[in-house]
Every structure is written in C-alpha cells, then in structure tokens.
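Working notes for the structure below.
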C-alpha cells in the first residue's frame, strides 16, 4: 500500500468517526433539550431517530474504511471477499440513509420553533 493510499484511507476513517461522534452528540443534545416535546407528541415522526440513523450511517463509513485499510494491509483488496464486504457496507449505509431521510421532513419545524 502506498503512502498516499494509506493517508487517504486513514483520513477517511478519522473524518467519518469525528462526524459520527458529532452527530451522536447533536442527537443527545436534542434528546435532552427537547425531552418534554418528545414525550408529549408521539404522533409526530421523531427527528431524533433521523439523526441517530444518520450517525449510524457515518459509523458504517468508519467500518468501511477499516475494511479497506485491512484489505490493503493484507493484500486482498482485489479479491471477491473484499468486494462483497464493500458492497454489504454500501447496502447497509444506503439503508440507514434512507431511514434517516424519512424523518428529515419533520426536523425544521421541530428544531427551529425553539423558544
């Protein structure tokens, strides 16, 4: 593995990890700050679930980066096992992004009406 490829994969892992941790922190802050709204309105779709799914999708990017780093380190990046793992991570990531997208319609009204 070249130095450029190693730098790219490691930066992919760390940037995705920082983004996922920040989204988890945002989700936790919204859960605490708007707890009374979340408990009294169960009819509305929950924006906190959307943020949680989005952060899980970012964690899948972290796992995908670790998978790519491992494949390049042990020289099986051209095998079908690597491609299968890469495709599975992509499918799970797309599933989580679609689940998060379902909740985004309700987010602006919920967050921006803060008094």
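The table below lists the values:
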| item | result |
| --- | --- |
| Checking residue 99 against (1) over 27 Å from residue 3 (Cα atoms); (2) at pLDDT 90 or above; (3) over 13 Å from the mean Cα position of the chain (by Cα), the condition it does not meet | (3) |
| Some residue of region 56-63 being within 20 Å of residue 95 (Cα to Cα) and surrounded by fewer than 18 Cβ atoms within 10 Å (Cβ to Cβ) | yes |
| Residue match in region 28-44 (condition: surrounded by 13 or more Cβ atoms within 10 Å (Cβ to Cβ), under 15 Å from residue 69 (Cα atoms) and either more than 21 Å from the chain's Cα centre (by Cα) or modelled with pLDDT of 80 or more (or both)) | no |
| Count of residues meeting criterion [outside any helix (DSSP H, G or I) and out of contact with any helix residue (DSSP H, G or I) (no Cβ under 6 Å at 6 or more places or on another chain)] in region 58-104 | 4 |
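Matching residues to (1) surrounded by fewer than 17 Cβ atoms within 10 Å (Cβ to Cβ); (2) modelled with pLDDT under 80; (3) within 22 Å of residue 8 (Cα to Cα):
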{"site": "49", "(1), (2), (3)": "yes, no, no"}
{"site": "67", "(1), (2), (3)": "no, no, yes"}
{"site": "75", "(1), (2), (3)": "yes, no, yes"}
{"site": "82", "(1), (2), (3)": "no, no, yes"}
{"site": "86", "(1), (2), (3)": "yes, no, yes"}
{"site": "95", "(1), (2), (3)": "yes, no, no"}
{"site": "105", "(1), (2), (3)": "yes, yes, no"}
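The values are calculated or read from the model by the stated rules, or taken from the named source; none is laboratory data. The shown structure was predicted, so the numbers you read here are calculated from the model rather than taken from an experiment. Reconstructed Cβ throughout: ideal geometry from the backbone, glycine too, with neighbour counts over all protein chains shown.
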